[in-house]
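Engineer: Before we start, here is the structure in question, set down as structure tokens.
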Amino acid sequence: METLRLEPVRRAAGTVRLPGSKSISNRVLLLAALAKGETEIGGLLDADDTRVMRDALAQLGVSFSGQTITGAGGAFPVRKADLFLGNAGTAFRPLTAALAFCGGEYQLSGVPRMHERPIGDLVDSLRAIGARIDYLRTDGFPPLAVHPSQMRSENVKVRGDVSSQFLTALLMALPLSGKKSTIEVQGELISKPYVEITLNVMRRFGVDVRRDGWQSFNLDKQTYVSPGKILVEGDASSASYFLAAGAIGGGPVRVEGVGRDSIQGDVRFTEVLERMGAKVSFGPDWIEASGGQPLRAIDLDLNHIPDAAMTAAVMALFADGPSRLRNIASWRVKETDRIAAMATELRKLGAQVEEGADWLRVSPPKVLRSDQKIDTYDDHRMAMSFSLAALGGVPVTINDPGCVAKTFPEYFQAFRSIAA
């Protein structure tokens, strides 16, 4: 197994240009593929998760020329395909819903962990409106077979308390029905800012959704039309590591490509930084953070920023007391069981950690344990989060650092650029 040793970092300062947002990139790719007309995409993320989406869309008959996509103007032209989607939930869930409306025979599979990530709530919703979808191994989980069917779309129900990607998938697919639709969310909707991204990108492609709070979403009869050009902003989740480095390691650290005008909910990670004592400033497309140790301990509900919350968990190593991260149950069904993985690796560094079904309590050690080997569980955010441990004045080894290719292939080069 490949490893990467990070030497102790005395100070973090500098500027990082962020790669494109994964969440926005895969939404834009799908809607550009379904839209009428050509779409030129600027700032598109080039990483594992977007590559599997591009490859799948190409298999489905969508034409690519550099960063320009010629949309299908509705259902995909290829009506039989076997698609491999890695561990990309932002590709697997929306494509499942879209393909249910395409009248073809499709199989969707991924890596072993993707086959452990639940999809039953989405499949139940699609079956209830006419979809014919079979589980090829275990009920409730990929891989899947999608068959031709007569789809209804007037009234759709979906659970909202496991993953917001199920609602996102339905929202993006329903315009393919050519009819009015209403989606009713059952239970509390988690990760609402990610649904806001979906609604924003749909609007750019000509489809407006009216929502009644977070429980009901109404779509008129509309079709996707290319905006001509669209720019993908920098990834706010990836920004969290560098901003945290500025907060822990003095700074200032500036990230470019995301700022005050961002449509991503993870920019609210800056609120966590400020609660922990960091100084944060904004421009329209940049954010800067500075600070120093010790940070202030926190007790926060982080349901709205589940990805950036992982960064906060590692920052808790540098706090002046125990920190508690609450309402993070969605961590259990991500690329790995992130609550269990985070607890295990924080303990290696000397922290006392308690975990519950949807919470984590981290009591920092007086001094971090040196020369620890951090397992990453094939999870890019574990690798990136734990790079921050080097700011504790100890060397740390990251096992399987290449897993960052999922969203940020050049992450460790960028981290080194701000590490003194």
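The values are calculated or read from the model by the stated rules, or taken from the named source; none is laboratory data. Just so it is clear, the structure is predicted and the values come from calculations on it, not from any experiment. Cβ coordinates were reconstructed from backbone atoms using ideal geometry, including for glycine residues, and neighbour counts include every protein chain displayed. SASA here: full protein model, heavy atoms, side chains in, ligands and nucleic acids out. Shrake-Rupley method; radii C 1.70, N 1.55, O 1.52, S 1.80 Å.
Engineer: Give me a count of the residues in segment 393-420 that are part of a helix (DSSP H, G or I), open to solvent by less than 20 Å² (accessible area, probe 1.4 Å) and either of a type in the set (A, V, I, L, M, F, W, C) or at pLDDT below 95 (or both). Show your work before the answer.
Structural biologist: Initial filter on segment 393-420 (part of a helix (DSSP H, G or I)): 401-406, 411-418.
From the residues that got through so far, the ones that are open to solvent by less than 20 Å² (accessible area, probe 1.4 Å) too are 401, 403-404, 406, 411-412, 414-415, 418.
In the following step, the residues that additionally are either of a type in the set (A, V, I, L, M, F, W, C) or at pLDDT below 95 (or both) were identified as 403-404, 412, 414-415, 418.
Here the count works out to 6.
Engineer: I'd like to check something: does segment 378-385 contain any residue that is open to solvent by 20 Å² or more (accessible area, probe 1.4 Å), under 24 Å from residue 90 (Cβ atoms) and touching a helix residue (DSSP H, G or I) at 6+ places or on another chain (Cβ under 8 Å)?
Structural biologist: Quick first cut of segment 378-385, residues open to solvent by 20 Å² or more (accessible area, probe 1.4 Å) only: 378.
Cutting the leftovers down to under 24 Å from residue 90 (Cβ atoms) gives us 378.
From what's left, touching a helix residue (DSSP H, G or I) at 6+ places or on another chain (Cβ under 8 Å): 378.
Scanning segment 378-385 turns up at least one residue that is open to solvent by 20 Å² or more (accessible area, probe 1.4 Å), under 24 Å from residue 90 (Cβ atoms) and touching a helix residue (DSSP H, G or I) at 6+ places or on another chain (Cβ under 8 Å).
Engineer: Ok, one more. Only one residue in 341, 390 is over 18 Å from residue 308 (Cβ atoms), open to solvent by less than 10 Å² (accessible area, probe 1.4 Å) and either of a type in the set (Lys, Arg) or assigned to a helix (DSSP H, G or I) (or both). Which one?
Structural biologist: On the way: 341 fails: over 18 Å from residue 308 (Cβ atoms).
Only one candidate qualifies: 390.
Engineer: Is one or more of the residues making up segment 145-159 surrounded by 15 or more Cβ atoms within 10 Å (Cβ to Cβ), without any contact (Cβ under 8 Å) to a residue 40 or more places away in the chain and over 21 Å from residue 198 (Cβ atoms)?
Structural biologist: No - not one qualifying residue is present in segment 145-159.
Engineer: Just to verify a result, which residue in segment 202-222, among those that are part of a loop (DSSP other than H, G, I, E, B) and touching a Pro at 6+ places or on another chain (Cβ under 6 Å), is least open to solvent (accessible area, probe 1.4 Å)?
Structural biologist: Quick first cut of segment 202-222, residues part of a loop (DSSP other than H, G, I, E, B) only: 205-208, 213-215, 220-222.
Subsequent filtering for residues that are touching a Pro at 6+ places or on another chain (Cβ under 6 Å) retains 207, 222.
Working: 207: 1, 222: 38 Å².
Across segment 202-222, the extreme among qualifying residues is 207.
Engineer: Within the group 54, 10, which residue is assigned to a loop (DSSP other than H, G, I, E, B), basic (Lys, Arg) and within 30 Å of residue 398 (Cα to Cα)? Can you show your working first?
Structural biologist: On the way: 54 fails: assigned to a loop (DSSP other than H, G, I, E, B).
That would be 10, the only listed residue that is assigned to a loop (DSSP other than H, G, I, E, B), basic (Lys, Arg) and within 30 Å of residue 398 (Cα to Cα).
Engineer: Give the residues of segment 307-333 that are outside any helix (DSSP H, G or I), crowded, with 23+ Cβ neighbours inside 10 Å and of a type outside the set (Ser, Thr, Tyr), sorted by residue number.
Structural biologist: Filtering segment 307-333 for residues outside any helix (DSSP H, G or I) gives 307, 319-328.
From what's left, crowded, with 23+ Cβ neighbours inside 10 Å: 307, 323, 325, 328.
Listed by number, the residues that qualify are 307, 325, 328.
Engineer: Separate question: Out of (1) free of Cβ contacts under 8 Å to residues at least 40 places away in the same chain; (2) under 20 Å from residue 334 (Cβ atoms), what's the single condition that is false for residue 184?
Structural biologist: Checking residue 184 against (1) free of Cβ contacts under 8 Å to residues at least 40 places away in the same chain; (2) under 20 Å from residue 334 (Cβ atoms), the one that fails is (2).
Engineer: Right, here's the next one. Could you tell me which of the residues 267, 272 is under 25 Å from residue 380 (Cα atoms), outside any loop (DSSP other than H, G, I, E, B) and open to solvent by less than 10 Å² (accessible area, probe 1.4 Å)? Quick ask: steps written out before the conclusion?
Structural biologist: Values: 267 fails: open to solvent by less than 10 Å² (accessible area, probe 1.4 Å).
Of the residues listed, the single one that is under 25 Å from residue 380 (Cα atoms), outside any loop (DSSP other than H, G, I, E, B) and open to solvent by less than 10 Å² (accessible area, probe 1.4 Å) is 272.
Engineer: Assuming residue 39 fulfils every condition listed in (1) β-branched (Val, Ile, Thr); (2) open to solvent by less than 10 Å² (accessible area, probe 1.4 Å); (3) under 29 Å from residue 417 (Cβ atoms) apart from one, which condition is it?
Structural biologist: Of (1) β-branched (Val, Ile, Thr); (2) open to solvent by less than 10 Å² (accessible area, probe 1.4 Å); (3) under 29 Å from residue 417 (Cβ atoms), only one is false for residue 39: (3).
Engineer: Okay, next question. Of these, 348, 373, which one is modelled with pLDDT of 95 or more, closer than 30 Å to residue 17 by Cα and open to solvent by 10 Å² or more (accessible area, probe 1.4 Å)?
Structural biologist: Values: 348 fails: closer than 30 Å to residue 17 by Cα.
Exactly one of 348, 373 is modelled with pLDDT of 95 or more, closer than 30 Å to residue 17 by Cα and open to solvent by 10 Å² or more (accessible area, probe 1.4 Å), namely 373.
Engineer: For segment 135-176, give me each residue that is out of contact with any Ser or Thr (no Cβ under 9 Å at 6 or more places or on another chain), closer than 14 Å to residue 100 by Cβ and small (Gly, Ala, Ser).
Structural biologist: 145, 149, listed by residue number.
Engineer: Which of the strands (runs of 3 or more DSSP E) contained wholly in segment 62-126 include at least 1 residues that are open to solvent by 40 Å² or more (accessible area, probe 1.4 Å), among the small types (Gly, Ala, Ser) and free of Cβ contacts under 8 Å to residues at least 60 places away in the same chain?
Structural biologist: Hits in segment 62-126: 63-65.
Engineer: Taking the options 416, 369, name whichever one is within 21 Å of residue 13 (Cβ to Cβ), free of Cβ contacts under 8 Å to residues at least 40 places away in the same chain and not acidic (Asp, Glu). If you could, list the steps in order and put the result at the bottom.
Structural biologist: Working: 369 fails: within 21 Å of residue 13 (Cβ to Cβ).
One residue alone meets the criteria, 416.
Engineer: For segment 275-303, give me each residue that is open to solvent by less than 30 Å² (accessible area, probe 1.4 Å) and either free of Cβ contacts under 8 Å to residues at least 12 places away in the same chain or not in a strand (DSSP E or B) (or both).
Structural biologist: Within segment 275-303, 276, 278, 292, 298, 302, 303 qualify.
Engineer: Continuing with the same structure: Quick one: would you say residue 260 is of a type in the set (Lys, Arg) and assigned to a loop (DSSP other than H, G, I, E, B)?
Structural biologist: Values: of a type in the set (Lys, Arg): yes; assigned to a loop (DSSP other than H, G, I, E, B): yes.
Spelling it out, residue 260 is indeed of a type in the set (Lys, Arg) and assigned to a loop (DSSP other than H, G, I, E, B).
Engineer: Could you please give the count of residues in segment 159-180 that are out of contact with any strand residue (DSSP E or B) (no Cβ under 6 Å at 6 or more places or on another chain) and either of a type in the set (A, V, I, L, M) or not in a helix (DSSP H, G or I) (or both)? Give the steps one after another, and end with the answer.
Structural biologist: Narrowing segment 159-180 to residues out of contact with any strand residue (DSSP E or B) (no Cβ under 6 Å at 6 or more places or on another chain): 161-165, 168-169, 171-173, 175-180.
Those still in the list that are either of a type in the set (A, V, I, L, M) or not in a helix (DSSP H, G or I) (or both) too: 161-163, 169, 171-173, 176, 178-180.
Counting residues in segment 159-180 that are out of contact with any strand residue (DSSP E or B) (no Cβ under 6 Å at 6 or more places or on another chain) and either of a type in the set (A, V, I, L, M) or not in a helix (DSSP H, G or I) (or both) gives 11.
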